[in-house]
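What follows is a set of notes on a single structure, which appears directly below.
Each reported figure results from applying straightforward, stated rules to the coordinates on display, with no laboratory input. Small disclaimer: the values here were computed from a predicted structure and weren't measured.
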Amino acid sequence: MSLLILRCLAAALGLGAACVQAQPEAAECIRIESDAARLVCYDNLHRRPAPAAAPASEPTSTLVPTSDSMFSDRWDLDGQRRNELFSPRPYKPVYMLPVTWTDRVNVEPGSPAPEHQVTSPLDLRPVEVKYQLSFKAKLWEQVFGSPGTLWAGYTQSSRWQVYAGSASRPFRETNYEPEVMFGWPLKLTLAGWDLRQAMVSLNHQSNGRSLPLSRSWNRVIASLQAERGDWTAEFRPWLRLSEPVDDDDNPDIEDYVGRAELLLTKRWRSGEAAHVAALQLRHSLRGGQRSRGSAQLEWEFPIDGSLKGHLQWFSGYGESLVDYNLRQNKIGIGFSIVGWR
């Protein structure tokens, strides 16, 4: 019996098939302590053939797809968050800059539209607080059975004259930007860049002010999103929707804020710390005296957990709607809880 046990144990370990030649009794199998050897003993007793080995070329483990794509994470391009409708998600950065400084204060904001010019200088300071809130939500996925998804987004940015005690610390300017977006996922490659999504959106932006400070416009914005390693790029041309002359607060806004923008982001790590830099470029797409635009550079750096430091530098036209035709340089520092990633 001992020899039988050794043979069955060897067979269980794949060292031979001698156990097959033996014809054990059931009582002998019961006395085998090794589970593997006992199983082989019972298989031999009932003359069960050994299972065929899997071909070496076949995988023996299940592969789980993973995604390290910013656009996939933010826009659910891979379908990992199906049926999460109307749930708020990150959109643009959410930050607070307790200190911002500009080299040019717009004490006499104006527009070519009638009754849109202040009659006396405003009491403003070059140092103020700026903050931004932004989120989006999925409204409808697989629209009419297609791969397309419908989203709604909202962004609000405010400039607060908190250091102007003599003027009762007013909110100088708040811009409201609701929009509806339709996105179509892409899986294309162009010049080494992976094209991830094409999008079209209906965008409204206004400051909610009365005359002479009222500013607003409506746009149809196209977007093409691409990425390459730790880099992302988003190109957004737009077409302004025309308004009646009497309702147009800023008829020349495109010649200052622009007709298109390019957003580039770069992610990198320094040890365990993650950093993100973002460059936003806008231009009027016109020549001569109408060639205007802006550049904004942001740097997100880690502080603690989800809290990040946020440095922002702006140069050009359109830092806010009321300042759309004012050229200025502005720098601010603070923190963010949601960034471009």
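Key figures for this structure:
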| read-out | value |
| --- | --- |
| Isotropically averaged projected area of segment 70-338, using the convex hull of Cα atoms (one quarter of hull area), nm² | 16.4 nm² |
| Lysine pairs in segment 70-338 with Cα atoms under 19 Å, if 8 or more residues apart or on separate chains | 8 |
| Percent RCO, i.e. relative contact order, over segment 70-338, from Cα pairs under 8 Å lying at least 6 residues apart | 16 percent |
